[in-house]
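Each remark here refers to the structure printed beneath this line.
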Amino acid sequence: MTAIAVLGSTNMDLVAYVARAPGRGETVTGREFRTVPGGKGANQALAAARAGGDVVMIGAVGTDEFGSALRANLDHAGVDTELLHTVAGPSGTAHIVVDDEGSNAIVVIPGANGTMTSLAPGDRAAVTRADLLLLQLELPLATVTEAARAARARGVRTILTPSPVQPLPSELLDAVDLLVPNEHEAARLTGKVEPHAAAQLLLRQVPEVVITLGERGCLHAARGTEPVLFPAPEVTAVDTTGAGDTFVGALAVALGEGRAAPEAVAWASKAAALCVGRHGASTSMPYREEIDAS
Ligand code: RIB
C-alpha cells in the first residue's frame, strides 16, 4: 500500500444549496442546508484512503463538537488521526454556497487550522517516512513550506494543491514535484488564462503540472514531454465541492502504485467525476471499486 501523508486543513462545511448564489447586498432563499465534514486536507486524506492508500492526516481540530465529528469521520475512513492535534478553540469551518449548476463559492474560517504554525517532531517524522506528501494552502504557508522541504530532503514526492491561491515562494516551489491547480488558480499564478500557456510557465518552477478544467477535463504537462488534455467523463454535476481534492487523493494512490502519469490521471479523473455527481465533500468521495467499475 502506498504510504501517503497529508498535511492540511480539516473543516466542517456548512453548505447552503440555492438555485442561484446571491449577489452583493442581496438575500436569496435557499433550498437546503447540510453540515458535511470537509477541508482540503481532510478531503484529500479521505479520498486517498477510499482509493486504497495507507493515509496519515497531519493537522488540527478544535475542542468544539465539530472537532470530534471531523476526527470520527476520518477514523471511520481508516485514516490515521494520531497526528490530528486537538487544540483549544473552534475547529475550521467552511461556509459554502452551491448553486443549481453544482458550482460553489467558499469562505473558510481557519480556526484550529491556523494554529499549525510549525511541525511537531512527530509530524516531521510522518512526513519523511511517507512515499508521498499531499499539501494544500489552508494551513500557514510557512508550515506547508517546512513540510515540503523536509519531504524533499528525504526524497518523498510532494503534490501541492495551490488553494486558496496565493503567491508561492520559491522555497516552497523548489520542493514541489507535482502542482495541481484548477484553471482559475493557474491563471492567477501565471497571468495566463489559456491552460497550455499557464502550464508552460508553471513548468519553469516545478517539473510536473496537472491543471484541472472542470467539465473540460484536465491538462497534464511535464518537462520534456508534450502536454496531454484528458477529457472529463460525462456526468451531471450536482455539487463540485471536493472534486479537486478527490482527484488529488486518487492521483496520489495511483502514482504511488507506480502507474504512469496518463493512466493515473485518467483514473483520478474518473474518481473526480463520481464525486461531482453527489452532494458534499467527504460524503461524495468514491471507493476504489467504484472508480475501477466506472
Ligand atoms: O476543496 C473543498 C474544500 O474547501 C471544502 O471541503 C472546504 O472545507 C474548503 O476547505
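Odds and ends about this structure:
- Extension gain for residue 216-residue 192 works out to 6.9 nm (0.36 nm per residue, less the C-alpha to C-alpha distance).
- Charge tally for residue 177 (other residues, Cβ to Cβ under 9 Å; Lys, Arg +1; Asp, Glu -1): +1.
- Label-to-label distance for residue 263 and residue 226 is 2.1 nm, based on points extended 7 Å past Cα in the beta-carbon direction.
- Calculated SAXS-style log₁₀ I(q)/I(0) at q = 0.15 Å⁻¹ - the chain, Debye, Cα scatterers: -1.14
- A simple spin-label model places pseudo-atoms 7 Å from Cα toward Cβ; at residue 75 and residue 95 they are separated by 3.0 nm.
- The gain in end-to-end length when the residue 68 to residue 141 segment is fully stretched comes to 23.7 nm, 0.36 nm per residue minus the alpha carbon separation.
- Applying the Karplus relation 6.51 cos²θ - 1.76 cosθ + 1.60 with θ = phi - 60° to region 52-63 yields 3J(HN,Hα) values of x, x, 9, 10, 10, 9, 10, x, 8, 10, x, 8 Hz, where x marks Gly and Pro.
- Estimated from helical segments only, the mean residue ellipticity of the chain at 222 nm is -10000 deg cm²/dmol, where each DSSP H run of four or more residues counts as -39500 (n - 2.57).
Read the figures in this text as sums done on the coordinates, not as results from a lab. It should be emphasised that the depicted structure is a prediction, and the values quoted were computed from it without experimental measurement. Backbone-built Cβ (ideal geometry, glycine too); neighbour counts: all protein chains shown.
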